[in-house]
Amino acid sequence: MSQAYMTSSTISWEGGVSPFGMSWQKLMMWVFLVTDALLFAGFLASYLFIRLASGTWPDQGDVFNMPLIGLMTFILITSSATMATAVGAAHRGDLKTAIRFVSYTALGGVLFLGLQATEWTQLIHEGARLSSNPWGPSAFSSFFFMITGFHGTHVLIGVGILITTALRARAGKATSEGVELVGLYWHFVDLIWVFIFTTFYLI
């Protein structure tokens, strides 16, 4: 009877051996992304709280090179489109196209990191430090370097994973699900940048 009950339960949820209808790798990726999103949300909420609690705050136009920031954002959003193309090609079994667009995505990440290094260099040259900055409250530069640096670390890790995926695909070892998992991570990194861009550079 217990066996009949188990069979009936399995049929009723129609999830097979996976109650969520996905592999454990994809489930763990979603768990990681949700957890990481909460961490970024905590950082950004703390930044906004300190900003609202401060009497004065630096004007973004006086601090940031907005054309440079706009270019960084454009490159990262474009890399999200190339990643989506790579995932679609991988699911169709078009390995050559998947490898090419994964490589384009990695190149976009490298360009983004190069521009971010340029931005950091300019700000440090002007006197910005973790403990102080020439435009007002020290918390401004502390949060800026911490949050953008944390995001930049995610981009750097993503570039490494993208290159590894492209090499594995060339060797015939990468799967379409593997490319999709990398795509999930990269889209997450791009989405987080949208929130950082809005919080630091626009409002």
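Among the residues of region 135-147, count how many are surrounded by fewer than 19 Cβ atoms within 10 Å (Cβ to Cβ) and either under 30 Å from Ala98 (Cα atoms) or modelled with pLDDT of 90 or more (or both).
Residues in region 135-147 being surrounded by fewer than 19 Cβ atoms within 10 Å (Cβ to Cβ) and either under 30 Å from Ala98 (Cα atoms) or modelled with pLDDT of 90 or more (or both): 4 in total.
Only residues that are surrounded by 16 or more Cβ atoms within 10 Å (Cβ to Cβ) and either under 17 Å from the mean Cα position of the chain (by Cα) or over 30 Å from Tyr47 (Cβ atoms) (or both): list them for region 114-134, please.
Within region 114-134, Leu115, Gln116 qualify.
Within region 157-173, restricting attention to residues that are surrounded by 15 or more Cβ atoms within 10 Å (Cβ to Cβ) and in contact (Cβ under 8 Å) with a residue 12 or more places away in the chain, which residue is farthest from the chain's Cα centre (by Cα)?
Taking the candidates together, the pick is Ala169.
Limited to region 91-109, what total is found for residues that are surrounded by fewer than 19 Cβ atoms within 10 Å (Cβ to Cβ) and more than 20 Å from Ile77 (Cβ to Cβ)?
Looking only at that region, the number is 7.
Would you point out the residue of region 17-69, among those that are aromatic (Phe, Trp, Tyr) and assigned to a helix (DSSP H, G or I), that is surrounded by the most Cβ atoms within 10 Å (Cβ to Cβ)?
In this case the residue turns out to be Tyr47.
Any idea which residue in region 70-89 is farthest from Gly108 (Cα to Cα), counting only those that are loosely packed, with under 15 Cβ neighbours inside 10 Å and among the small types (Gly, Ala, Ser)?
Per the stated criteria, the residue is Gly70.
The values are calculated or read from the model by the stated rules, or taken from the named source; none is laboratory data. Here the structure is a predicted model, which is why all the values come from computation and not from measurement. Reconstructed Cβ throughout: ideal geometry from the backbone, glycine too, with neighbour counts over all protein chains shown.
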